Each structure stands twice: as structure tokens, then as C-alpha cells.
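What follows is a single structure, written as C-alpha cells, with notes after it.
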Amino acid sequence: MVLVAHSLGCVTAARWVATAPADRTAAVRGALLVAPADVDTAEVPELVGFRPVALEPFPFPTVVVSSTDDPWVSPARARAFAAAWGSRYVEPGAYGHLNSDSGLGDWPEGRTLLAEL
């Protein structure tokens, strides 16, 4: 099984990895973590319950992909997430909060990253 998470899903995956017993995470072969949201600095009341972002290493290969101009996470913070999680870091350029509004279409680069996992 390979996990694919976006935004708050990345934070949720990190929390799951930090709290789940090893036998629960053993079936996961890798994770593609796209546009992680920095809920620690977001001033959105609904996100407070997701704080703090878990920074334990993932026990399987991971790739963090983050844009240089994502309004939900700075490049420095995205790199810090990747380092803490033991992830490869990919910065595709300025695409905002990597989603359907980013103009990437079917996002062949993302499919390649997923296939590499």
C-alpha cells in the first residue's frame, strides 16, 4: 500500500505514523505527501486541533512535494517537515497550493514520483 496525502492529509498521516503501533504501519510501502499545510502557524480556528505537526520520522520511504509560493507553508517549513519525516524533498516551482487550481493538469511529474515509491 502507498499513501497519497494532500495538505491537511499530510499532517494527519504524520500524526498517524507518530502514534500508530509499528504493526499498523508495516503494510505501507511509501507515501507521497503533497503540499503539507503548516497548521502550527495557520490562524484558522478549525486547524488548532491538528497542532502540533508531528515531526517523527516515517518508517517507510516518503516524498514531500511543495511549491515555492504555497500560501499554507513556507519553503523553509516544508523542507523542515521533509527533513524531520526522513523524506525526499521536491520543489516543482511556483504553483501555489498544489491542487487543481495550480494548472498542472494530470500532473505527470506527480505520477512519476508516485511510481517511484
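The values are calculated or read from the model by the stated rules, or taken from the named source; none is laboratory data. Since this is a predicted model, take the numbers as computed values, not measurements. For neighbour counting, all protein chains shown are included, and Cβ atoms are generated from backbone atoms with ideal geometry for every residue, glycine included. To get the accessible areas, we keep the full protein, side chains included, count just its heavy atoms, and leave off ligands, DNA and RNA. Shrake-Rupley method; radii C 1.70, N 1.55, O 1.52, S 1.80 Å.
If the segment from residue 12 to residue 115 were pulled out straight at 0.36 nm per residue, it would be longer than the present Cα-Cα gap by 34.9 nm. By accessible area, using a 1.4 Å probe on protein heavy atoms only, the chain has 57% of its surface on carbon and sulfur.
Counting Lys +1, Arg +1, Asp -1, Glu -1, what net charge surrounds residue 7 among other residues with beta carbon under 11 Å of its beta carbon? Combined, the nearby Lys, Arg, Asp and Glu give -2. Amide H to amide H distances under 5 Å link residue 2 with 29, where only residues 5 or more positions off or on other chains count and H is placed in the peptide plane. Average accessible surface for the stretch 1-101: 50 Å² per residue, computed with a 1.4 Å probe over protein heavy atoms with every protein chain in place.
Between residue 46 and residue 27, residue separation times 0.36 nm minus the direct Cα-Cα distance comes to 3.7 nm.
Between 12, 62, 41, the residue with the greatest mean-square fluctuation in the GNM of the chain (Cα pairs under 10 Å linked by springs) is 41.
Using the Cβ atoms and a cut-off under 15 Å, what net charge is assigned to the surroundings of residue 48, where Lys and Arg are +1 and Asp and Glu are -1? Each step should come with its number before you reach the end.
Working: positive: 15, 51; negative: 38, 40, 43, 46.
Local net charge: -2.
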